[in-house]
Amino acid sequence: MPHKRAVAICDSLKREMEVLLAEREKGEYELITFPGQCHKAGKMDCSLFCANAQQNFQRFDTVEIFNSGCFAHPADPSPQCRHCFKHFEQLCFYMLADRTMVDTLMASGAYLVTPGWLRHWQQYMVEWGLDQETAAMLFGETTNRIVLLDTGVFPESGRMLEEFAGFVQLPFERVAIGLGFFRAYVNGHLH
């Protein structure tokens with residue numbers, strides 16, 4: 001019987017992972033996604049996530065979980081996930097691009113976004129209770145521009161970036177990072 005493996009990742013990075021898994025042997029990994037928490041005030045408990053996903057995870061011999069700030073306690077051991085391998089970064093951006101570049105952009109006042117996050121920005125504004133005026137005020141107090149770390153997986157990312165930046169009334173820029181760094185990160189962690 002073949003070894004059944006899965007990769008679990010935030011739905012904001014689903015498309016990037018789909019592209020990487022398509023490069024591998026067909027059926028080598030099944031993709032499982034979970035809702036991102038970066039736009040929410042609370043974090044998901046890793047043990048609860050594993051317990052809730054236990055039925056789904058039990059059909060796999062191994063599950064590789066890639067995540068960052070979505071989990072409140074990412075290093076918590078979870079008996080439900082004995083066959084899970086957890087790969088966590090402080091920020092999801094560190095999986096996509098060089099840490100120094102990410103830190104430099106943020107230190108310079110950039111609000112970083114990914115293509116997957118941009119696909120849902122309007123929903124996030126509603127969830128945060130922000131109309132355009134309030135969003136522009138809040139973003140303007142904390143950031144000086146919107147920067148898309150563009151992995152190239154959604155052709156419409158440029159348009160979505162322009163719409164979001166217009167909504168929060170900030171300049172924007174696109175940094176084409178591609179999938180090379182993410183590919184190396186994922187391939188370096190898969191068992």
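What follows is calculated from the coordinates using simple rules that are stated; it is not laboratory data. This structure is a prediction, so every number in the text was calculated from the model and none was measured. A quick note on method: Cβ atoms are made from the backbone with ideal geometry, for glycine too, and the neighbour counts reach across all protein chains shown.
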Of the conditions (1) surrounded by fewer than 20 Cβ atoms within 10 Å (Cβ to Cβ); (2) touching a Pro at 6+ places or on another chain (Cβ under 8 Å), LEU148 fails just one. Which one is it?
-> (1)
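Among the strands (runs of 3 or more DSSP E) confined wholly to the stretch 95-191, which include 3 or more residues that are at negative phi and in contact with a Ser or Thr (Cβ under 8 Å, 6 or more places away or on another chain)? Spell out how you get there, then give the answer.
Values: elements: 110-113, 145-150, 172-176.
Here the list reads 145-150.
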